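The values are calculated or read from the model by the stated rules, or taken from the named source; none is laboratory data. If you're wondering where the values come from, they're calculated on a predicted model, not measured in any experiment. Here Cβ is always computed from backbone atoms with ideal geometry, including for glycine, and neighbour counts include all displayed protein chains. For the accessible areas, the whole protein counts, side chains as well, though only heavy atoms, and no ligand, DNA or RNA atoms are used. Shrake-Rupley method; radii C 1.70, N 1.55, O 1.52, S 1.80 Å.
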Amino acid sequence: MSEPSIGIDLGTTNSAVASLVDGQPRIIERSTGQRLLPSMVAFSEGGERLVGEAARALTEILPENVAYATKRFMGQRWTPELANKVRALYPFTVVAGPNEDVRVRVAGRTLPVVEIAAAVLGQLRADAEAFFGREVHQAVITVPANFNDAQRQATKEAAKIAGLEVLRLINEPTAAALAYGLSSGFQGRALVFDLGGGTFDVTVLEVRDGVFEVIATGGDPFLGGEDFDNMLVQWLIAQISDAPLRERASKDKAALQKLKAAAEHAKIAISTTEQARISTTLLPELRAQGGGISLESMLTRGFFERLARPLVERCLSIVNRTLIEAGIASESIGKVMLVGGMTRMPLLRTMVAERFGQPPATNVNPDEVVALGAAIQAAELSDKVGKVLLLDVVSSTLSVGIAGGTCKPLIRKNSSLPRRAAEIFHPSRDGQTLVRIPVVQGESSRSSENFLLGELTLGQLPVARRGDVEIEIGFEMGTDGILAVSAKDVATGHAESVRLVARTDLPASELERLQEKEKGSRDGAALIEQQSRERSIKARTALREVATRVRKLHRELTLAAQDNQAPEAHAVVEALGRRLVEAEQTERSGSIDEVEAKTMEIKDVLVKLVGA
């Protein structure tokens, strides 16, 4: 039996894992029953690493111990501006790593962002292995369409740390279209509107007979549900009338986390109701001094939509720009697919419908469709069945920086993948024996306004006039959107000293250390999970045995009560009946602690009734 493959949606807010089961894509539920895993990593006061729901539970108690929404910093280079932005929005801080990569300070630890992503990926892998009962290594992982080369490399690093072999990275909107197209039988041109927790993507595809061809893509890596939450947090802070308390609450980590949780709950609620009450207590430690803040407010859908409209309009402006760049008319779009939890917002659905003159498709779960599409592609690649062909495009232009601060594009945005391009360049002056050439990604004609992927260095050039030295620079990008760069002296064929620096990749030694560390965490978690399963089996077995005794006693006392008119006898029968129902419900859905507590409780009742 071949090893199962999985598809993973590594999200900013939540993540999910899926696989093909009996020929159909299926979300793999966690042992706790949840279908989504919060993309959070935390450390308890005892130093235990927590992932998912357990990490989320600490956000209001120990906010400085929790890292979340860190996908936004994957592959990013640390800057003072980024650090200030993070400090204003999150309870953790970010610092620079050895390669200027972003690292998160949480619970007194400094962690590379890829290590946090690896912990989430490792938990999803563990959930899949628990589902299949055997090891899982092969995965397709989705990324935002606008992720650049460095961000894609960081995602692959995180997967490597988690012990996963990446069959392919695919863009989130492409994965969603794949799942939607196969489930609905759609044929034609589709636009995927993907607004997740941290990023916004728009992708236009042509779907024909199992071929999913991307025509154009665009997006914003800093526009998502987090921005809607933060907008509400600022509104709530503004309602604190006392200026000193307002200032203190705006900088207090615990207060900000409470406000964020309240804002998120209210935002979700008003997608299905007209208003949501917000009630929370901030700075409770000041109550002993007669202070503290009791914040009570009512958020109506109408008011929220007025606040949110500018952000939705930003999304639609990106849609318009993407269509214009690709020369695509709105009338040619046969279906608009909504992806990401934020697309449940009624205002957004209304504005999208008005923009395209048709209601968007709402018959797919926007939180799960990306993982399902990734699972379909994973099965396609691992089993090589040839039923689906994905043809993607370059998400942004790739260029070489040249003299004067401008840049020369080699691979333009929306070029089909895979793609290779090469051009001849010359040194900037006579007699130059070494050249340093920046490699940038972005749409500006100025190198400084684009994202620096790295610097290409080629030495040992012959001493000659600049026009006589030809340097061939080649770009090659595979289907996963990762760039390979080459350079050589055309005359000599020399290319040994080529190196791409300024990337934020982890040093090889640190990558190996993190792999071992994650393996240790994984082994420890597996042992804890096994012990938990054994305890659960024992606890539920004990409760079933007690319930059997209750059922037998209940039958006996019911027969006896038929001949006994005393109210006490009937009361005992009714009480036992309730105990039996409670036992069955707890055994079926209660936690281990609840099962054990219910067992002891019913045993005490039995002892009082029959002395055994």
message: Quick check: net charge around K384, other residues with Cβ under 15 Å of its Cβ, Lys/Arg +1 and Asp/Glu -1?
response: -1
- prompt: Around S15, which amide H atoms from residues at least 5 apart in sequence, or from another chain, sit under 5 Å from its own amide H, with H modelled in the peptide plane?
  reply: L37, S39
message: Classify the stretch 326-380 from the C-alpha gyration tensor, please: rounded if a/c falls under 1.5, else prolate or oblate depending on whether a/b exceeds b/c.
response: oblate
message: Starting from the 7 Å offset along Cα-to-Cβ, what nm value, one decimal, do you get for the label separation of F132 and S184?
response: 3.0
- request: Would you compute, for the Cα atoms of the stretch 425-485, the largest minus smallest coordinate along each principal axis and list the three values in descending order, in whole Å?
  value: 39, 24, 15
- prompt: In whole Å, how far is the Cα centre of the stretch 140-169 from that of the stretch 1-46?
  reply: 16
- request: For the stretch 310-326, just list the computed ³J(HN,Hα) in residue order, Karplus coefficients 6.51, -1.76 and 1.60, θ = phi - 60°, integers in Hz, with x standing in for Gly and Pro.
  value: x, 5, 5, 5, 4, 4, 5, 5, 5, 4, 4, 5, 5, 5, 5, 4, 8
task: Could you pull out every residue, at least 5 positions away or on a different chain, whose amide H is within less than 5 Å of the one on A216? Hs are placed 1.01 Å off N in the peptide plane, and Pro or chain starts have none.
output: V204
Average projection area in nm² (convex hull over Cα atoms of the stretch 292-384, one quarter of hull surface): 10.3
Hull shadow area, averaged, the chain [alpha-carbon convex hull, nm²]: 36.5
task: For a quick protection proxy, order the peptides 427-433, 157-163, 11-17 by their average other-Cβ count within 10 Å, most packed first.
output: 11-17, 157-163, 427-433
message: Considering only C-alpha atoms, what is the centroid distance from the stretch 202-245 to the stretch 396-436, in Å?
response: 33
task: Starting from the alpha-carbon convex hull of the stretch 298-443, give the projected area averaged over all orientations, in nm².
output: 14.7
- prompt: Got a sec to turn the phi values of the stretch 431-440 into Karplus ³J(HN,Hα) couplings, 6.51 cos²θ - 1.76 cosθ + 1.60 with θ = phi - 60°, whole Hz, x for Gly and Pro?
  reply: x, 6, 9, 9, 10, 10, 10, x, 10, 10
Rounded to 5, the percent of DSSP beta bridges in the chain classed as antiparallel: 80
- line: Amide H neighbours of L410 at under 5 Å, excluding residues fewer than 5 places away on the same chain, with H built from the backbone geometry, are L398, S399, V400
task: Report Rg (one decimal) and Dmax (nearest whole number) for the stretch 358-449, counting Cα atoms only, units Å.
output: 20.5, 65
query: How do I293, I424 stack up against each other in accessible area, from largest to smallest, with a 1.4 angstrom probe?
result: I424, I293
task: Mind computing the radius of gyration and Dmax over the alpha-carbon atoms of the stretch 1-82? Å is fine for both.
output: 15.9, 52
- prompt: In whole Å, what three semi-axes, largest first, describe the equivalent ellipsoid of the stretch 38-138 built from its Cα gyration tensor (square root of 5 times each eigenvalue)?
  reply: 25, 17, 10
- request: Would you kindly find the accessible area of E64, with a 1.4 Å probe and non-protein molecules such as ligands, DNA and RNA excluded, rounding to the nearest 10 Å²?
  value: 70
message: Rounded to the nearest 10 Å², what accessible area does H554 have for a 1.4 Å probe in the complete protein model?
response: 50
Cα-based equivalent ellipsoid, the stretch 171-315: semi-axes from gyration tensor eigenvalues, Å: 42, 14, 12
query: Which FRET efficiency value, to the nearest 0.05, do you get for A329 and T457 by plugging their Cβ-Cβ distance into 1/(1 + (r/R0)^6) with R0 = 41 Å?
result: 0.35
field: Tail fraction, Cα-Cα pairs, the stretch 183-249, threshold 14 Å, whole percent
entry: 70
- prompt: How big is the accessible area of R544 in square angstrom, nearest 10, if you roll a 1.4 angstrom probe over the protein chains?
  reply: 110
field: Equivalent ellipsoid semi-axes - Cα gyration tensor, the stretch 123-240, angstrom
entry: 28, 24, 15
field: Nearby lysines by direct alpha-carbon distance to K160 (threshold 24 angstrom, same-chain neighbours under 8 apart not counted)
entry: K71, K384, K517, K519
task: Send over a whole-number figure in Å² for the accessible area per residue of the chain, probe 1.4 Å.
output: 45
Share antiparallel - DSSP beta bridges, the stretch 331-470, percent rounded to 5: 95
